[in-house]
Amino acid sequence: MPNPRFSPGRRAILAAAAVAPFAVSAAARAVEPDLSALKDMTGGATPIGPEERALRLTRAQALMKANGIGAVLVEPGSSLLYFTGIRWGRSERAMLAVLPVEGAPCIVSPYFEEPRMRETLAIPAEVRVWQEDEDPLRVVAGFLRDRKLAARPVGIEETVRFFIPDMLARALPGAKIVTANPVVRGCRMIKTPAELALMQLATDVTIAAYRWTYPRIEKGMAGRDIGALMDAATVKLGGDPEFSLILIGEAAAYPHGTKAVHKVAEGEIVLMDCGCTVQGYQSDVSRTFVFGAASKEQRTVWDQVHQGQQAALAAAKIGAPAGSVDDAVRRLYDGFGYGPGYKLPGCSHRTGHGIGMDGHEPVNLVRGETTKLAPGMCFSNEPGIYIPGQFGVRLEDCFHMTETGPKWFSTPPPSIDQPFH
């Protein structure tokens, strides 16, 4: 459910703290847990290799031709990593990749950053540099002119900051600037077997961390204490923690919680929403259970959410609009007396989101989304039910589309009494 909220630096601090995170509360300090039974599950992970990256460029260039685009401009983020292997943070100094419709890409780099940039550059590419007193978009314009692409539309990757195409328009007067979504989404939304394998491994790590954490939850723990346990287990298992959202009691009635600190108590809901990355690919799994004995109402709502997940999966058919998955859940929940639609009590958020290198990727399983489901697309399935002032239940498992329909990365639990199986 959560967006990946942490910067790489914040995630590094979190992961380091997770190795010895237990100076947080009396309950968590009582016994420092023994992680020795956990082993790294990711040693055999196969990183994305040069052949895969070459296929990505070939696919992107085919989509550029089909959509009449001469080049695509990308800046640091997951799309730059996807196409070039370059791991870079965004700053006021532009680091850019220009993917042309034919031939090798061009990396436009600050001059003094070129040696460091080349440490992660993973594809054959021309490199052009700019000095501190120069305009980097003039370098881009020069490359487009040299490749005879200056008169053709330039696609801008959807997360690129405004100042970059704005500067390009001044450096290349008359340039036709268009969205690169048909190209970038057309590549990244369809996962290859290599990508699916990494997502499966990330999910396996998260499930293993859940199984280790669950029996160690104690009365009096706050969400941060449980999150620290989960992060420590994830690190030991070989994953890079992305988020650990732990909502207890009434806090679970709000999808992303509240500022109030709630602690584990008998009969209280515990909602855990956690994910990690392995080789840059993400997991996202939520589980809800009760500490102690569940009430009749808690059981009823949990069972309804379980039915919601199954309804969503049944509606996920090849060729169906992505929005139809959300529609199936709304019909079920409206029949239970929730809503209508996104109103509370009920499910106030979409049924799911795309996932891959980013925790949230296009497209969403949400009303009105017309994109057709196709093999290789990956989504979360998380139609929670939230009752303000009381509690909420969310079960979240991700799936990917195959030629014959959806396939789980993780299998939903059978009951509120068996949240991990």
_Top-ranked residue in segment 98-135 [being touching an Asp or Glu at 6+ places or on another chain (Cβ under 8 Å) and assigned to a strand (DSSP E or B); ranked as most open to solvent (accessible area, probe 1.4 Å)]_ = Val129
*Total residues in segment 46-82, condition open to solvent by 10 Å² or more (accessible area, probe 1.4 Å), among the β-branched types (Val, Ile, Thr) and within 14 Å of Pro105 (Cα to Cα)*: 1
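Does segment 271-322 hold any residues that are among the aliphatic types (A, V, I, L, M) and within 15 Å of Tyr386 (Cβ to Cβ), and which are they? Give the derivation first.
If we filter segment 271-322 for residues that are among the aliphatic types (A, V, I, L, M), which is where we start, we get 271-272, 278, 285, 290, 293-294, 301, 305, 311-316, 318, 320, 322.
Passing the criteria: Leu271, Val301, Val305.
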*Quickly run through segment 108-139 and pick out the residues that are touching a helix residue (DSSP H, G or I) at 6+ places or on another chain (Cβ under 7 Å), within 23 Å of Arg170 (Cβ to Cβ) and of a type in the set (A, V, I, L, M).*
Val108, Val129, Leu137
*Can you spot a residue in segment 295-306 that is under 25 Å from the mean Cα position of the chain (by Cα) and open to solvent by 10 Å² or more (accessible area, probe 1.4 Å)?*
yes
*Report, by residue number, each residue of segment 136-160 that is buried (at least 16 other Cβ atoms within 10 Å of the Cβ) and in a loop (DSSP other than H, G, I, E, B).*
Arg147, Leu149, Ala150, Arg152, Pro153, Glu157, Val160
*asked:* Given the condition closer than 24 Å to Ala374 by Cβ and of a type in the set (Gly, Ala, Ser), answer yes or no: does some residue in segment 284-305 qualify?
replied: no
*For residues that are open to solvent by 70 Å² or more (accessible area, probe 1.4 Å) and touching a Gly at 6+ places or on another chain (Cβ under 7 Å), tally how many sit in segment 161-181.*
1
_Hits in segment 227-261 (condition: open to solvent by less than 30 Å² (accessible area, probe 1.4 Å), in a helix (DSSP H, G or I) and within 21 Å of Gln298 (Cα to Cα))_ = Gly249, Ala251, Ala252, Ala253
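Can you list the strands (runs of 3 or more DSSP E) lying wholly within segment 309-421 that have 2 or more residues being surrounded by fewer than 18 Cβ atoms within 10 Å (Cβ to Cβ)?
Values: elements: 352-354, 361-365, 378-381, 385-387, 391-393, 397-402, 405-408.
Strands (runs of 3 or more DSSP E) meeting the threshold: 405-408.
Within segment 211-226, take every residue that is open to solvent by less than 10 Å² (accessible area, probe 1.4 Å), in contact (Cβ under 8 Å) with a residue 60 or more places away in the chain and outside any loop (DSSP other than H, G, I, E, B) and give me the one that is farthest from Pro33 (Cα to Cα).
The initial filter retains those residues of segment 211-226 that are open to solvent by less than 10 Å² (accessible area, probe 1.4 Å), namely 213, 221-222, 225-226.
Adding the requirement that they be in contact (Cβ under 8 Å) with a residue 60 or more places away in the chain leaves 221-222, 225.
Narrowing further to those that are outside any loop (DSSP other than H, G, I, E, B): 222, 225.
Numbers: Ala222: 16, Asp225: 12 Å.
Residue satisfying both the conditions and the ranking: Ala222.
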*asked:* Looking for something out of contact with any helix residue (DSSP H, G or I) (no Cβ under 7 Å at 6 or more places or on another chain) and over 24 Å from Gly49 (Cα atoms) - is there at least one such residue anywhere in segment 231-241?
replied: yes
_Selection count, segment 110-167, where residues are under 29 Å from Asp358 (Cβ atoms) and either basic (Lys, Arg) or at pLDDT below 95 (or both)_ = 5
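Scan segment 285-294 for residues that are β-branched (Val, Ile, Thr) and open to solvent by 10 Å² or more (accessible area, probe 1.4 Å) and report the count.
First pass over segment 285-294, keeping only residues β-branched (Val, Ile, Thr): 285, 288, 290.
The next check asks that each one be open to solvent by 10 Å² or more (accessible area, probe 1.4 Å); those that pass are 290.
Number satisfying all stated conditions: 1.
The values are calculated or read from the model by the stated rules, or taken from the named source; none is laboratory data. Note that the coordinates shown come from a computational prediction; the quantities given were computed from them, not determined experimentally. Ideal geometry is used to build each Cβ from the backbone, glycine not excepted, and the neighbour counts take in all protein chains shown. Note: areas computed on protein heavy atoms with side chains; ligands, DNA, RNA excluded. Shrake-Rupley method; radii C 1.70, N 1.55, O 1.52, S 1.80 Å.
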